[in-house]
Amino acid sequence: GYSMSDLPARSRLDLLNQRCYDNCYQLWDRFPFPDTLPLWIMNYHIPSLGRKALDIGSGTGQLAQWLQKQNFDVLCLDPSPMMIKQCQSKGLNCLQTIFQDYQDTQSFSMILAILSFIHIPKKEWSSQIHKIAKLLPPKGLFILAVIEGKSEAIENPSLKFPRFFSYFTREEVLQITEKEFDLLNFQSFPGPVNPYLLF
């Protein structure tokens, strides 16, 4: 096993999150924002751009599986081997990695980061949003979900499986994305503690 103190800061955070998701993956085996996401995808995706989708932090692949049924060619990214195993069992195309380490130059017509960027430290956000913009054509669709708040921290450090979170306000997200993206829609949903923000 790893000794946590031997790892550089980001690797340590990534490992914490991965350990949690590997051990508790069944908790997240559900379709995110089921009343909103399918509608947004149907309304805002431009079919003439093609049907290649990138699902960042795909989890158990529920959303990716639905996309595949809508004839999207989906690539799932997730750092958790257990999550990747769930995606593969659904016949999905997967890469076990975090988005910061993803190095492909292929273009997608749609990119989804549904509650996955919440694990990226705030100081890395601008560069990762820029990377997403480069993977999309003009008018390509990016759907992002975060948890509302202002801090970043390792949550529940005393529990068996703590996780690292970065929280954002609507204004912060708009500030980081406005250079490269136009906002088509926004919705806030009640969350277990803080609201979810969907862009």
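The values are calculated or read from the model by the stated rules, or taken from the named source; none is laboratory data. Quick caveat: nothing in here was measured; it's all calculated off a predicted structure. Please note: Cβ atoms are built from the backbone with ideal geometry, for glycine as well, and neighbour counts cover all protein chains shown. Please note that ligands, DNA and RNA were not included when accessible areas were found on the heavy atoms of the full protein model with its side chains. Shrake-Rupley method; radii C 1.70, N 1.55, O 1.52, S 1.80 Å.
Before moving on, here are some points about what is shown:
- Some residue of region 36-50 being open to solvent by 10 Å² or more (accessible area, probe 1.4 Å), of a type in the set (Ser, Thr, Tyr) and modelled with pLDDT under 95: no
- Residue in region 99-106 that is over 22 Å from residue 79 (Cβ atoms) and either at pLDDT 95 or above or of a type in the set (Phe, Trp, Tyr) (or both) present: no
- Index of the failed condition, residue 125 passing every other in (1) in a helix (DSSP H, G or I); (2) more than 19 Å from residue 183 (Cα to Cα); (3) in contact with a strand residue (DSSP E or B) (Cβ under 9 Å, 6 or more places away or on another chain); (4) not polar (S, T, N, Q): (2)
- Per the listing 57, 61, the residue uniquely under 20 Å from residue 199 (Cα atoms), buried (at least 22 other Cβ atoms within 10 Å of the Cβ) and at pLDDT below 95 is 57.
- Selected residue (criterion: surrounded by the fewest Cβ atoms within 10 Å (Cβ to Cβ)) from residues of region 76-114 that are in contact with a Pro (Cβ under 7 Å, 6 or more places away or on another chain), closer than 15 Å to residue 57 by Cβ and touching a residue at least 24 places away in the same chain (Cβ under 8 Å): 98
- Residue in region 68-75 that is surrounded by 15 or more Cβ atoms within 10 Å (Cβ to Cβ), at negative phi and in contact (Cβ under 8 Å) with a residue 60 or more places away in the chain present: no
- Selection over region 155-179 of residues that are at pLDDT 95 or above, more than 12 Å from residue 125 (Cα to Cα) and touching a strand residue (DSSP E or B) at 6+ places or on another chain (Cβ under 9 Å) gives a count of 2.
- Where strands (runs of 3 or more DSSP E) fall entirely within region 25-119, those with at least 2 residues that are closer than 22 Å to residue 147 by Cα are at 52-56, 73-77, 110-114.
- Condition check for residue 152: acidic (Asp, Glu), modelled with pLDDT under 95 and open to solvent by 50 Å² or more (accessible area, probe 1.4 Å): yes
- Single condition residue 139 does not satisfy, out of (1) loosely packed, with under 15 Cβ neighbours inside 10 Å; (2) more than 16 Å from residue 41 (Cα to Cα): (2)
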